[in-house]
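Beneath this line is the structure, given in structure tokens, with notes to follow.
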Amino acid sequence: MLAFLLLQAAVPAVPTDWSALAPLPYLTAPQMTPPLAHFVADEIAAGRCSLPKPADGHYVIKVEVATLVGADGSVRRAVPHAIACPTVEQYSVGLVLTFARANLPPRAGAADQWYRATIVYDWGG
């Protein structure tokens, strides 16, 4: 229990002003493809998310994820910004973790740092 508390104390708190966070520095920018948006479209169509339908039927959903990156370039923590759809929030965290795996530069000797990743789902219309 003490080791757990010490480990938690070493992790910096999630920032309150996400707009001040630098974008996640991917070595190769991730590519959002239509199949990645399919899950989100299904969640909304099934009524599991309380997001209003746009008048033209064209959805653009943005999910920001605060991402704590260690000096070795690995993600230590990822926290989604609430959009009133927990399944899509967690799906977005999973995408950020997948996109970041072996795709972030190491920062030798640097302290852990928070970044902002933005996932954009775009479909319909």
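The values are calculated or read from the model by the stated rules, or taken from the named source; none is laboratory data. Computed from a prediction, not measured in an experiment: that's the story for all the values here. No Cβ is skipped: glycine too gets one built from the backbone with ideal geometry, and neighbour counts run over all protein chains shown.
Any residue at all in the range 6-15 that is surrounded by 14 or more Cβ atoms within 10 Å (Cβ to Cβ), farther than 18 Å from residue 121 by Cβ and not polar (S, T, N, Q)? There is at least one residue in the range 6-15 that is surrounded by 14 or more Cβ atoms within 10 Å (Cβ to Cβ), farther than 18 Å from residue 121 by Cβ and not polar (S, T, N, Q). Annotation: of all residues in the range 100-125 being part of a loop (DSSP other than H, G, I, E, B) and either closer than 25 Å to residue 45 by Cβ or among the small types (Gly, Ala, Ser) (or both), the one that is modelled with the highest pLDDT is 102. Within the range 34-53, residues that are among the aromatic types (Phe, Trp, Tyr) reach partners that are outside any loop (DSSP other than H, G, I, E, B) and surrounded by 11 or more Cβ atoms within 10 Å (Cβ to Cβ) with beta carbons closer than 7 Å, at six or more positions or on different chains, in the pairs 39/91. Each residue in the range 79-91 was checked for being under 11 Å from the mean Cα position of the chain (by Cα), within 19 Å of residue 47 (Cβ to Cβ) and surrounded by 14 or more Cβ atoms within 10 Å (Cβ to Cβ), and 3 of them qualify.
Residue 49 meets each of the listed conditions (1) part of a loop (DSSP other than H, G, I, E, B); (2) under 16 Å from residue 38 (Cβ atoms); (3) at pLDDT 95 or above apart from (3).
Cβ-Cβ contacts under 7 Å between residues 6 or more apart (or on different chains), taken from a first residue in the range 100-114 that is in contact (Cβ under 8 Å) with a residue 40 or more places away in the chain to a second residue that is surrounded by fewer than 10 Cβ atoms within 10 Å (Cβ to Cβ), are listed as 103/28. When the residues of the range 27-42 are filtered to those that are touching a strand residue (DSSP E or B) at 6+ places or on another chain (Cβ under 9 Å) and outside any helix (DSSP H, G or I), the one that is surrounded by the fewest Cβ atoms within 10 Å (Cβ to Cβ) is 32. Given the condition at pLDDT 95 or above and among the acidic types (Asp, Glu), answer yes or no: does some residue in the range 54-64 qualify? For the range 54-64, residues at pLDDT 95 or above and among the acidic types (Asp, Glu): present.
If we keep just the residues of the range 43-78 that are within 19 Å of residue 23 (Cα to Cα) and among the charged types (D, E, K, R), which is surrounded by the most Cβ atoms within 10 Å (Cβ to Cβ)? In this case the residue turns out to be 64. Of all residues in the range 56-81, those that are assigned to a strand (DSSP E or B) and either β-branched (Val, Ile, Thr) or on the phi > 0 side of the Ramachandran plot (or both) total 8.
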